[in-house]
Every structure is written in C-alpha cells, then in structure tokens.
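Worksheet: one structure, shown below.
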Amino acid sequence: MIDLYYWTTPNGHKITLFLEESGLPYRIHAVNIGRGEQFDPAFLKIAPNNRIPAIVDNAPAKGNDAISIFESGAILLYLADKTGQFIPQDLRGRTECIQWLFWQMGGLGPMAGQNHHFVQYAPEKLPYAIERYVKETSRLYGVLNKQLSDGRDYICGDYSIADMASYPWIVPHERQRQNLGDFPHLAAWFERIQHRPATQRAYDLAKSINVQPTVDEQAKKLLFGQDASTVK
C-alpha cells in the first residue's frame with residue numbers, strides 16, 4: 001500500500017496519474033497547502049521541504065521497512081523502478097526517459113510556475129516578469145513540440161513517467177498564455193493523454209478532494225511568503 005500525501009497541483013497530479021495507470025493500491029492523505037497543512041510536523045518528517053507530493057511505500061522491495069520519498073520526479077522514478085512500468089528497461093531508452101523527466105523538473109515546471117505567479121498572483125503586474133516567463137514557457141512548449149514531431153505518440157515513444165511529469169504542467173496552458181494551436185504535435189500528444197482512462201480518473205479524483213480550487217489572501221501568504229524562518 002502506498003500512502004500518498006497530495007494536493008491538487010500539477011506536481012500532485014503526476015503521482016495520481018502513475019498510480020491510476022499502474023494499479024498500485026494507494027490511499028490519499030490530503031494536504032491542503034492553502035491552509036498550511038504542509039507545515040504539520042508529521043508531514044515534515046516525510047517531506048522536509050514542506051511541499052507535496054510525498055509518499056510512504058509500506059511494502060518496498062525485498063521486505064524492507066517502509067520508505068518515504070519526497071519530490072515528484074524522485075517519486076515517479078521510484079515507482080517506475082518498483083513496478084517495472086512506464087520507464088524503458090534498456091540503457092538508452094531509460095537514459096532518454098530520465099533526461100526528459102529532469103527537463104520537466106528543471107525547466108517546464110519551474111518556468112511555468114513562475115509564469116503562473118506573475119500572470120495570476122503577483123500583487124503588482126510586472127510587464128518584464130510576465131513577458132520573461134510567458135516567453136520561456138513558449139520556448140519550452142516548442143522544445144516538447146519538436147521532440148514529438150517525428151511521429152512518436154509520446155515523449156520517449158511509449159507512454160512513460162516523462163509524459164506523466166509534463167502533462168499536468170500543460171493542462172493550464174490557457175492561464176500560461178499559450179495557444180496549443182501553435183504547437184500541433186504537442187497538442188496531439190496532450191489530447192492523447194487527456195483521453196486515457198487513468199488520466200480521467202486522476203483528474204476526477206482531484207475534483208472530489210478540492211471542490212472549490214481557489215488561492216485567497218490567506219493562501220497567498222502561506223504559498224508565497226515563506227523564507228528560512230519557516231523551516232523549523
């Protein structure tokens with residue numbers, strides 16, 4: 001049984017996508033990051049960076065004791081290796097998959113996240129910051145579109161953790177001021193994943209957990225006002 005500590009963010013969706021695809025049994029522990037639940041001491045023992053998602057695998061390989069993991073990319077890689085699913089087993093394919101996973105973790109996620117912040121949440125609209133991150137998001141969409149331009153269905157050929165990592169960050173493309181019509185190969189990939197039954201189950205689950213997604217003033221203070229003093 002996997003214990004998943006989760007909220008309805010792109011990084012949270014990555015893990016429910018994997019778990020729904022793989023059929024691994026899991027139970028969700030909702031961590032409402034807009035209400036400060038990520039600072040609960042019990043959660044911080046699992047996720048010292050006070051971010052979701054995190055997991056506890058209560059039945060790791062070879063009968064070892066339960067293991068906890070934080071960081072969505074690390075969780076995806078762990079689960080792929082645990083199950084032998086959604087990651088190529090040959091060296092070349094595995095390396096390609098991991099590099100695209102890292103591309104999302106180091107590029108698409110952080111840049112789209114800054115896009116979200118300055119376009120939607122910043123108290124002052126800063127044209128330079130908005131243009132900077134909207135353009136960089138567009139560039140990254142272009143990189144992914146080019147990767148998919150050779151007729152492959154998914155980033156590394158077969159559906160993998162690279163796709164699961166990237167897809168949730170493309171879902172809010174309109175809020176990122178991106179037009180999928182400008183990226184036809186990416187758009188076809190997006191639609192392909194969107195119609196997977198496991199994707200639909202994962203996003204339906206999110207709707208049942210966070211019934212009215214909103215970032216109010218209290219949430220903004222918690223999400224955007226942290227510094228070293230919040231690390232206890």
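The values are calculated or read from the model by the stated rules, or taken from the named source; none is laboratory data. This is a predicted model, so every value here is computed, not measured. Note that each Cβ is placed from the backbone with ideal geometry, even for glycine, and that neighbours are counted across all protein chains shown.
Among the residues of segment 148-193 satisfying the criterion of being free of Cβ contacts under 8 Å to residues at least 12 places away in the same chain and part of a helix (DSSP H, G or I), which is farthest from Leu101 (Cα to Cα)?
Once the filter is applied, the top-ranked residue is Gly181.
Regarding Arg139, is this residue at pLDDT 95 or above and in a helix (DSSP H, G or I)?
Details: at pLDDT 95 or above: yes; in a helix (DSSP H, G or I): yes.
Against the criterion (at pLDDT 95 or above and in a helix (DSSP H, G or I)), Arg139 qualifies.
Pick from segment 43-84 the residues that are of a type in the set (Asp, Glu) and within 18 Å of Phe102 (Cβ to Cβ): which of them is nearest to the chain's Cα centre (by Cα)? Talk me through it step by step, then tell me what you get.
The first filter runs over segment 43-84 and keeps only residues of a type in the set (Asp, Glu), leaving 57, 65, 71, 81.
From what is left, the residues that are within 18 Å of Phe102 (Cβ to Cβ) are 71, 81.
Numbers: Glu71: 9, Asp81: 18 Å.
Taking the candidates together, the pick is Glu71.
Run down Gly142, Gly113, Gly106 and say which single residue is of a type in the set (Gly, Ala, Ser) and within 23 Å of Arg192 (Cα to Cα).
Numbers: Gly113 fails: within 23 Å of Arg192 (Cα to Cα); Gly106 fails: within 23 Å of Arg192 (Cα to Cα).
One residue alone meets the criteria, Gly142.
Is it true that some residue in segment 5-28 is farther than 23 Å from Tyr159 by Cα, more than 15 Å from the chain's Cα centre (by Cα) and modelled with pLDDT under 95?
No.
Report, ordered by the first and then the second residue, all pairs with beta carbons closer than 9 Å, sequence separation of six or more or different chains, a first member in segment 112-130 that is at negative phi and basic (Lys, Arg), and a second member that is part of a helix (DSSP H, G or I) and surrounded by 17 or more Cβ atoms within 10 Å (Cβ to Cβ).
Lys125/Phe118; Lys125/Val119
Give Asn64, Asn50 a once-over and let me know the one that is assigned by TED's automatic domain parsing to the domain that holds Val215, at pLDDT below 95, more than 28 Å from Val215 (Cβ to Cβ) and not basic (Lys, Arg). Before the answer, list the steps.
Numbers: Asn50 fails: more than 28 Å from Val215 (Cβ to Cβ).
Answer to the selection: Asn64.
Quick check on this structure: which one of Asn50, Asn32 is of a type in the set (S, T, N, Q) and at positive phi? Reasoning before the result, please.
Numbers: Asn32 fails: at positive phi.
Every option except Asn50 fails the conditions.
(1) surrounded by 14 or more Cβ atoms within 10 Å (Cβ to Cβ); (2) on the phi > 0 side of the Ramachandran plot: which one isn't true of Gly63, the others all being true?
The failed condition is (1).
Can you list residue pairs whose Cβ atoms sit under 6 Å apart, with the first residue in segment 201-221 being within 13 Å of Ile28 (Cβ to Cβ) and the second being of a type in the set (Asp, Glu)? Count only pairs 6 or more apart in sequence or on different chains.
Filtered contacts from segment 201-221: Arg201/Glu20; Ala202/Glu20.
Cβ contacts < 8 Å: first residue touching a residue at least 60 places away in the same chain (Cβ under 8 Å), restricted to segment 39-68; second residue of a type in the set (A, V, I, L, M), any location; separation 6+ or different chain. Result?
Listed by first residue and then by second, the contacts come to Asn50/Leu44; Asn50/Val231.
Any residue in segment 132-140 that is closer than 30 Å to Thr83 by Cβ, touching a helix residue (DSSP H, G or I) at 6+ places or on another chain (Cβ under 6 Å) and in contact (Cβ under 8 Å) with a residue 24 or more places away in the chain?
Step one: of segment 132-140, the residues closer than 30 Å to Thr83 by Cβ are 140.
Okay, now just the ones that are also touching a helix residue (DSSP H, G or I) at 6+ places or on another chain (Cβ under 6 Å), so 140.
Add one more test, that the residue is in contact (Cβ under 8 Å) with a residue 24 or more places away in the chain, and what stays is 140.
Within segment 132-140, one or more residues are closer than 30 Å to Thr83 by Cβ, touching a helix residue (DSSP H, G or I) at 6+ places or on another chain (Cβ under 6 Å) and in contact (Cβ under 8 Å) with a residue 24 or more places away in the chain.
Is it true that Pro88 is under 15 Å from the mean Cα position of the chain (by Cα), part of a loop (DSSP other than H, G, I, E, B) and either hydroxyl-bearing (Ser, Thr, Tyr) or modelled with pLDDT of 95 or more (or both)?
On the way: under 15 Å from the mean Cα position of the chain (by Cα): no; part of a loop (DSSP other than H, G, I, E, B): yes; either hydroxyl-bearing (Ser, Thr, Tyr) or modelled with pLDDT of 95 or more (or both): yes.
It is false that Pro88 is under 15 Å from the mean Cα position of the chain (by Cα), part of a loop (DSSP other than H, G, I, E, B) and either hydroxyl-bearing (Ser, Thr, Tyr) or modelled with pLDDT of 95 or more (or both).
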